[in-house]
Amino acid sequence: MATSSKCQSCGMPLKADPNGGGSNADGSLSREYCSYCYVNGAFVNPDMSMAEMKALVVEKLWERGFPRIVASFFPSGLGRLKRWKQTHESGQG
């Protein structure tokens, strides 16, 4: 299984995840998704759009003390992450 340094849904560094990553259906640690996005082999918010994820990322960074203008730059790369890549390339999300 491939290992990523950041969640392939929200972009958070996996080393910042208090659980070390999400959980796969078999209970093993996910090396692709964080525990905020992925639990028991499924996305926590499966119907979330990329636009909604961008807004959530900005809000969470703002809550952690990042200026909103700075936080707004962080989700710009979401379209390159595994969860969003297909929908981004097809013009959805």
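The values are calculated or read from the model by the stated rules, or taken from the named source; none is laboratory data. For clarity, every value in this text was computed on a predicted model and none was experimentally measured. Positions of Cβ are backbone-derived with ideal geometry, glycine not excepted, and every protein chain shown enters the neighbour counts.
Only a single item in (1) loosely packed, with under 14 Cβ neighbours inside 10 Å; (2) part of a helix (DSSP H, G or I); (3) at pLDDT below 95 is not met by Ala51, and it is number (3). Scanning segment 16-44 for residues that are surrounded by 14 or more Cβ atoms within 10 Å (Cβ to Cβ), under 26 Å from Arg64 (Cβ atoms) and among the polar types (S, T, N, Q) yields Ser23, Ser30, Ser35. Sort out which residues of segment 16-46 are of a type in the set (D, E, K, R) and over 18 Å from Pro75 (Cα atoms), and write them in order of number. Asp26, Arg31 - these are the residues of segment 16-46 that are of a type in the set (D, E, K, R) and over 18 Å from Pro75 (Cα atoms). Can Gly65 be described as in a loop (DSSP other than H, G, I, E, B), surrounded by 12 or more Cβ atoms within 10 Å (Cβ to Cβ) and of a type in the set (Gly, Ala, Ser)? Spelling it out, it is not the case that Gly65 is in a loop (DSSP other than H, G, I, E, B), surrounded by 12 or more Cβ atoms within 10 Å (Cβ to Cβ) and of a type in the set (Gly, Ala, Ser).
Assess whether Phe74 counts as being in contact with a Phe, Trp or Tyr (Cβ under 9 Å, 6 or more places away or on another chain), modelled with pLDDT under 95 and either surrounded by 13 or more Cβ atoms within 10 Å (Cβ to Cβ) or charged (D, E, K, R) (or both). So Phe74 passes the test. Which of the residues that make up segment 18-48 are closer than 16 Å to Leu81 by Cα, outside any loop (DSSP other than H, G, I, E, B) and not hydrophobic (A, V, I, L, M, F, W, C)? Residue satisfying the conditions is Tyr38 alone.
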